[in-house]
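Before we start, here is the structure in question, set down as structure tokens.
Taken together, the values in this text are just the output of simple stated rules run on the coordinates, not laboratory data. None of the values given here were measured: they were computed from a predicted structure. Cβ placement follows ideal geometry from the backbone for every residue including glycine, while neighbour counts extend to all protein chains displayed.
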Ligand SMILES: CC(C)(COP(=O)(O)OP(=O)(O)OC[C@H]1O[C@@H](n2cnc3c(N)ncnc32)[C@H](O)[C@@H]1OP(=O)(O)O)[C@@H](O)C(=O)NCCC(=O)NCCS
């Protein structure tokens, strides 16, 4: 157990979140695999700090040394389903932090009956294993970017079995 604390974002997190966004694995397993540009990132981040993105909620995970180790958030689909997303600082992966962070987030911010799902690009083994630990099962694979012939990646929505 890491005894993580989850707290809201502040503008002081912008640089750290930028580094996490542009980490090579995060790019590889994001719908938009291109690295973010700083100016665009700051605009995006400011909106989230100010809670201006409808149906979205962001939290930073902090360890007992006060170090920010990950970002977890939810977005809400038109049918009310919550998508849960997460990324862990590359220096702190494979230590159980992702699992604990998502566990805390689900307990603290999602109502128990709320269905939640995780869209995961096929081959993202740590994320697939994490989702499986929450009882989620993979759905049918679809292309990540069907309009881009050069992008052969597939994505599946992991959800609780009906
Ligand atoms: C996905 C991610 C958040 C997982 O965080 P983490 O702190 O490493 O996760 P955990 O340590 O809790 O491990 C979760 C599971 O993945 C496994 N795992 C971790 N790193 C792994 C690796 N490099 N290869 C294979 N399995 C791995 C762990 O063993 C564990 O599975 P198990 O309990 O069945 O053994 C992290 O890898 C990450 O930030 N990746 C880049 C961003 C990303 O892909 N986000 C998700 C988009 S859907």
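Could you give the Stokes-Einstein D for the chain in µm² per second, using the C-alpha Kirkwood radius, 37 °C, 0.692 mPa s?
For the chosen part, D equals 200 µm²/s.
Label-point separation (nm) for residue 27 and residue 77, each offset 7 Å from Cα along Cα-to-Cβ?
The modelled label-to-label distance comes out at 2.9 nm.
OK, next. What does the helix-only formula give at 222 nm for the chain: each DSSP H stretch with n ≥ 4 adding -39500 (n - 2.57), the total divided by the residues, and the result rounded to the nearest 500 deg cm²/dmol?
-8500 deg cm²/dmol
Fewest to most neighbouring Cβ within 10 Å: what's the order for 77, 149?
So the residues, fewest neighbours to most, are 149, 77.
Moving to a separate point now. Could you check how many percent of all C-alpha pairs in the stretch 1-80 are farther apart than 19 Å?
Percent of Cα pairs beyond 19 Å in the stretch 1-80: 43.
What is the Cα coordinate range of the stretch 68-162 on the first, second and third principal axes, sorted by size from largest, in whole angstrom?
Between the extreme Cα coordinates on each principal axis of the stretch 68-162 lie 39, 35, 20 Å.
Oh, and also: Please report the spacing between the Cα centers of the stretch 134-158 and the stretch 1-55 in Å, no decimals.
Taking the Cα centre of each part, the stretch 134-158 and the stretch 1-55 sit 22 Å apart.
Still on this structure, please answer the following. Classify the stretch 28-121 from the C-alpha gyration tensor, please: rounded if a/c falls under 1.5, else prolate or oblate depending on whether a/b exceeds b/c.
rounded
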